[in-house]
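The values are calculated or read from the model by the stated rules, or taken from the named source; none is laboratory data. A quick note: this is a predicted structure, and the numbers were derived from the prediction, not measured. As a convention, Cβ positions derive from the backbone with ideal geometry for all residues, glycine included, and neighbour counts pool all protein chains shown. Side chains are part of the model used for accessible areas, which takes the heavy atoms of the whole protein and leaves out ligands, DNA and RNA. Shrake-Rupley method; radii C 1.70, N 1.55, O 1.52, S 1.80 Å.
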Amino acid sequence: MMILLMGLGVVPVPELVATAEAAKDRARVGLVLGGGGARGIAHVGVLKTLEEMHVPIDCVAGTSMGSIIGGLYASGMTPEQMEEKLSQIDWPEVFKDGPPRADLPFRKKQEQRVLIDATVGLNAEGVTLPKGLLEGQNLLLLLEELSLPAASVHDFDQLRIPYRAVATDLATGEPVVLGSGELAKAMRASMSIPSALAPVQLDGKILVDGGVSNNLPIDVVRKLCRPDVVIAVDVGAPLAPADELNSFLSVTNQLTTILTVRNVIEQVKTLGKKDILITPDLQDVSSIDFDRSPDAVRFGYIAAQGKRSDLSRLSISPEGYQVYLATLPLAPGSDQPVIDFIRINNGSRLSDQVIEQQLQIKPGDRLDPQKLNRNLNEIYGMGDFQRVNYTLAKEHGQTGLVVETVPKDIGTDTLQFGLFLGANLKGDAEFDVSAAYTMSELNDLGGQWRNFIQLGSNIALLSDFYQPLDADQQYFINPYLRYEQYNLDLFNGVYGESSSFRVYRNEVGFNVGRNLERWGRLSLGLRYAHGRNDLRLGQPSDYEGRFDDGGYSLRWEADTLDNISFPNSGYAGNLIFRDSLTTLGADQNVRTLSLNYAHAYTWGKYSIIPRLHLAGRLSGDMGIQDLFLLGGFLNLSGYQPGQLSGEYAALGEVIYMYRLDSASSAFTIPIYAGGSLEVGGVWNEYRDIDFDSLIPAGSLFLGVDTPLGPFYFAGGYAQGGNASLYMLLGKLF
């Protein structure tokens with residue numbers, strides 16, 4: 001045999017032969033990584049120690065965050081690469097659904113100015129509620145990006161290290177062991193935090209977080225590779241002491257923790273004398289402190305280092321470790337593949353062409369996962385889908401991009417709500433509640449019919465039909481009907497001191513326009529309206545009675561603000577030209593032009609928002625129902641809403657905000673303190689406009705971006721001793 005090998009030019013090296021034989025004699029090691037939310041990032045520190053000590057791993061099983069770290073490690077990602085990736089992740093964005101607000105369709109941005117984001121479904125069986133606060137769209141896309149090199153591996157035994165993820169069957173409460181399919185979906189299913197993240201449907205089962213049934217799956221790893229030694233890492237949160245159970249949230253969290261702790265205890269009881277249990281001391285790192293990943297990694301490393309004496313029994317020589325690595329399947333390449341074909345698996349009523357036209361990748365392009373994730377999120381932001389994700393397929397030697405769009409669980413007919421509350425110390429109060437019933441996907445281009453009602457101080461009824469005209473969703477038509485009632489309080493001397501009117505207005509209109517990608521819109525509108533002004537308070541006035549209006553408008557709108565309530569970046573503005581014509585039914589010919597613009601700038605926790613509003617009459621005489629109004633919070637803040645009115649208006653201001661809580665933490669409700677410096681005025685004649693007539697004003701406020709909308713507690717002051725205190729809940733920007 002030796003002669004034959006020498007003849008073939010292959011001579012065995014004695015040292016390598018000895019090392020290989022030693023590697024065969026080593027103990028088989030199974031690694032178990034438990035769940036714990038952000039605490040599970042400590043697993044990366046444990047893996048760093050295992051690699052430093054040359055401890056070979058033969059199989060790995062994980063639950064929740066442990067399934068993610070374990071899945072990435074099994075697919076070939078090193079602990080150092082994980083640590084680098086974790087430090088780059090924007091965790092607040094990961095635990096949101098859909099794209100940044102700037103990437104939403106423009107109609108969605110308009111909707112946010114009135115309605116709360118929460119949506120419920122309506123169908124023949126009644127109301128359908130979402131299955132979680134979040135769908136987990138961004139989390140799934142992140143997992144797909146991180147596991148992209150292994151995207152074509154659907155048998156988890158064929159990964160670099162055999163791997164299993166553990167989830168829970170919501171229908172039975174039993175653990176479900178995932179050993180095949182899409183790696184990203186398996187990890188996402190294992191981390192479906194009940195109530196927070198929507199369950200994942202796989203193979204006919206509804207799956208939630210594996211921590212509910214098996215948070216430390218020691219039994220799973222024993223079946224997977226029959227290890228001689230099990231290394232189990234428990235990062236679950238301990239039970240809170242009695243003196244800390246003083247709120248509804250603390251009690252609810254304690255009940256969830258009890259379930260987890262009990263199944264962990266049962267699993268730990270199965271460990272033998274040779275097995276190793278590592279329990280990192282994570283101190284004050286909670287399950288939602290994802291921004292503290294460096295601390296979690298460090299604590300995991302320290303805990304593993306504390307077990308060096310036990311781990312040393314499993315350590316092999318550097319040469320033996322290299323042989324072990326060489327026996328593993330090759331790690332998938334990190335180079336991004338060229339996409340040969342694209343396939344759409346579309347479960348919605350929209351045509352495949354609509355989805356294809358939104359994709360910015362074409363056959364022949366090299367895959368850029370970050371660019372693709374943003375693109376898929378933009379499709380998700382259209383509002384028609386429960387989930388939009390992708391996988392790679394290998395067919396006939398070609399690499400294909402398979403995009404999957406899953407329709408909403410709650411259906412295409414939805415109900416949303418809006419709310420505005422306002423009060424001040426001068427006895428003025430306003431309360432408006434609204435609801436919108438929307439029927440979507442009325443045709444394959446995405447036609448949408450919305451019916452909106454608002455009740456309270458201001459009454460509004462609106463029905464509009466929005467119809468895209470092409471698959472690109474660029475051109476649209478938008479006919480509508482509107483009825484509204486609102487109070488108009490006039491304090492301008494020209495119209496009589498302290499006159500108050502109730503305005504009734506009916507309007508029918510038709511808009512046609514073009515969406516400018518997602519940042520803006522150009523539109524032309526035709527309208528006809530009639531109504532009346534009823535005097536509520538004050539002396540009889542010539543401005544009472546009926547009015548008619550008819551004409552057209554040209555409108556340019558832009559909106560890239562990252563947040564409608566407390567913007568930190570982006571801009572919003574509009575330029576509106578309105579022409580009322582007697583030939584189209586108006587009482588008289590009137591032309592007006594208005595400009596609004598705001599831009600947000602942020603440095604760390606500090607934000608500055610310059611804002612400008614200009615409006616005026618170009619020709620004709622305006623009725624009181626069309627006057628430009630100022631007054632109210634951030635609109636010459638010392639005055640009451642509508643206290644200043646005229647045919648010309650101007651307002652310039654700078655708003656300052658400071659974020660009081662951490663901007664890098666996930667699952668937080670932003671809190672701001674701020675103020676404004678304002679100057680402006682209203683005039684009825686153009687010749688009256690001068691610097692001496694401008695009114696300086698300002699405000700101080702505390703703001704909270706609640707799930708029901710922004711809440712403000714504010715005080716304002718304007719020249720002349722005008723002061724107001726405000727408590728507001730509702731959209732302002």
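Is it true that some residue in the stretch 663-674 is part of a loop (DSSP other than H, G, I, E, B), touching a residue at least 24 places away in the same chain (Cβ under 8 Å), open to solvent by less than 50 Å² (accessible area, probe 1.4 Å) and touching a helix residue (DSSP H, G or I) at 6+ places or on another chain (Cβ under 8 Å)? Steps first, please.
Narrowing the stretch 663-674 to residues part of a loop (DSSP other than H, G, I, E, B): 663-670.
Checking the rest, the ones that are also touching a residue at least 24 places away in the same chain (Cβ under 8 Å) come to 663-670.
From what is left, the residues that are open to solvent by less than 50 Å² (accessible area, probe 1.4 Å) are 665-666, 670.
So of that shortlist, the ones also touching a helix residue (DSSP H, G or I) at 6+ places or on another chain (Cβ under 8 Å) come out as 665-666.
Within the stretch 663-674, one or more residues are part of a loop (DSSP other than H, G, I, E, B), touching a residue at least 24 places away in the same chain (Cβ under 8 Å), open to solvent by less than 50 Å² (accessible area, probe 1.4 Å) and touching a helix residue (DSSP H, G or I) at 6+ places or on another chain (Cβ under 8 Å).
Please work out if residue 203 is surrounded by fewer than 23 Cβ atoms within 10 Å (Cβ to Cβ) and either modelled with pLDDT of 95 or more or out of contact with any His (no Cβ under 6 Å at 6 or more places or on another chain) (or both).
yes
Which is farther than 17 Å from residue 61 by Cβ, touching a Ser or Thr at 6+ places or on another chain (Cβ under 6 Å) and open to solvent by 20 Å² or more (accessible area, probe 1.4 Å), of 171, 118, 102?
102
Among the residues of the stretch 532-554, is any within 28 Å of residue 709 (Cβ to Cβ), touching a residue at least 24 places away in the same chain (Cβ under 8 Å) and among the hydrophobic types (A, V, I, L, M, F, W, C)?
no
May I ask you to list the residues in the stretch 432-469 that are open to solvent by less than 30 Å² (accessible area, probe 1.4 Å) and in a loop (DSSP other than H, G, I, E, B)?
Correct list: 440, 441, 446, 447.
Residue 682 fails exactly one of the following numbered conditions: (1) β-branched (Val, Ile, Thr); (2) in contact with a Lys or Arg (Cβ under 9 Å, 6 or more places away or on another chain); (3) under 18 Å from residue 628 (Cβ atoms). What is the number of that condition?
(2)
Go over the candidates 236, 211 one by one and state the one that is open to solvent by less than 30 Å² (accessible area, probe 1.4 Å) and not in a helix (DSSP H, G or I).
Unique residue meeting the criteria: 236.
If you take the residues in the stretch 488-510 that are open to solvent by 60 Å² or more (accessible area, probe 1.4 Å) and farther than 19 Å from residue 621 by Cβ, which one is modelled with the lowest pLDDT?
Applying the filter and picking the extreme gives 497.
Does residue 693 fit the bill of being open to solvent by 30 Å² or more (accessible area, probe 1.4 Å), of a type in the set (S, T, N, Q) and within 26 Å of the chain's Cα centre (by Cα)? Show your work before the answer.
Values: open to solvent by 30 Å² or more (accessible area, probe 1.4 Å): yes; of a type in the set (S, T, N, Q): yes; within 26 Å of the chain's Cα centre (by Cα): no.
It is false that residue 693 is open to solvent by 30 Å² or more (accessible area, probe 1.4 Å), of a type in the set (S, T, N, Q) and within 26 Å of the chain's Cα centre (by Cα).
Of the residues that make up the stretch 699-707, is at least one part of a loop (DSSP other than H, G, I, E, B), within 30 Å of residue 91 (Cβ to Cβ) and open to solvent by 20 Å² or more (accessible area, probe 1.4 Å)?
Yes, the stretch 699-707 has at least one match.
Suppose we filter the stretch 338-353 for residues that are more than 17 Å from residue 409 (Cβ to Cβ), of a type in the set (S, T, N, Q) and in a loop (DSSP other than H, G, I, E, B); how many remain?
Summing the residues that are more than 17 Å from residue 409 (Cβ to Cβ), of a type in the set (S, T, N, Q) and in a loop (DSSP other than H, G, I, E, B) in the stretch 338-353 gives 1.
Could you tell me whether residue 547 is assigned to a loop (DSSP other than H, G, I, E, B) and of a type in the set (A, V, I, L, M, F, W, C)?
So residue 547 fails the test.
Suppose we filter 425, 421, 401, 481 for residues that are open to solvent by 40 Å² or more (accessible area, probe 1.4 Å), at pLDDT 90 or above and more than 23 Å from the chain's Cα centre (by Cα); which single one remains?
Every option except 481 fails the conditions.
Look through 57, 68, 41, 89 and report the one residue that is within 23 Å of residue 270 (Cβ to Cβ) and either aliphatic (A, V, I, L, M) or open to solvent by 10 Å² or more (accessible area, probe 1.4 Å) (or both).
Answer to the check: 57.
Taking only the stretch 576-619 into account, find how many residues are under 18 Å from residue 530 (Cβ atoms) and open to solvent by less than 60 Å² (accessible area, probe 1.4 Å).
Residues that pass the stated criteria total 6.
Six or more apart or on different chains, Cβ under 9 Å: which pairs go from a residue in the stretch 63-88 that's more than 27 Å from residue 194 (Cα to Cα) to one that's of a type in the set (Phe, Trp, Tyr) and open to solvent by 10 Å² or more (accessible area, probe 1.4 Å)? Could you list them?
Pairs found: 79/73.
Filter the stretch 258-314 down to residues that are surrounded by 13 or more Cβ atoms within 10 Å (Cβ to Cβ), within 30 Å of the chain's Cα centre (by Cα) and not in a helix (DSSP H, G or I), then give me how many there are.
6
Being more than 43 Å from the chain's Cα centre (by Cα) and surrounded by 18 or more Cβ atoms within 10 Å (Cβ to Cβ) is the filter here; which residues of the stretch 511-542 pass it?
533
Out of the residues in the stretch 124-158 that are free of Cβ contacts under 8 Å to residues at least 60 places away in the same chain and in a loop (DSSP other than H, G, I, E, B), which is least open to solvent (accessible area, probe 1.4 Å)?
154
Restricting attention to the stretch 587-602, report how many residues are over 14 Å from residue 566 (Cβ atoms) and at pLDDT 95 or above.
Adding up the residues that qualify gives 10.
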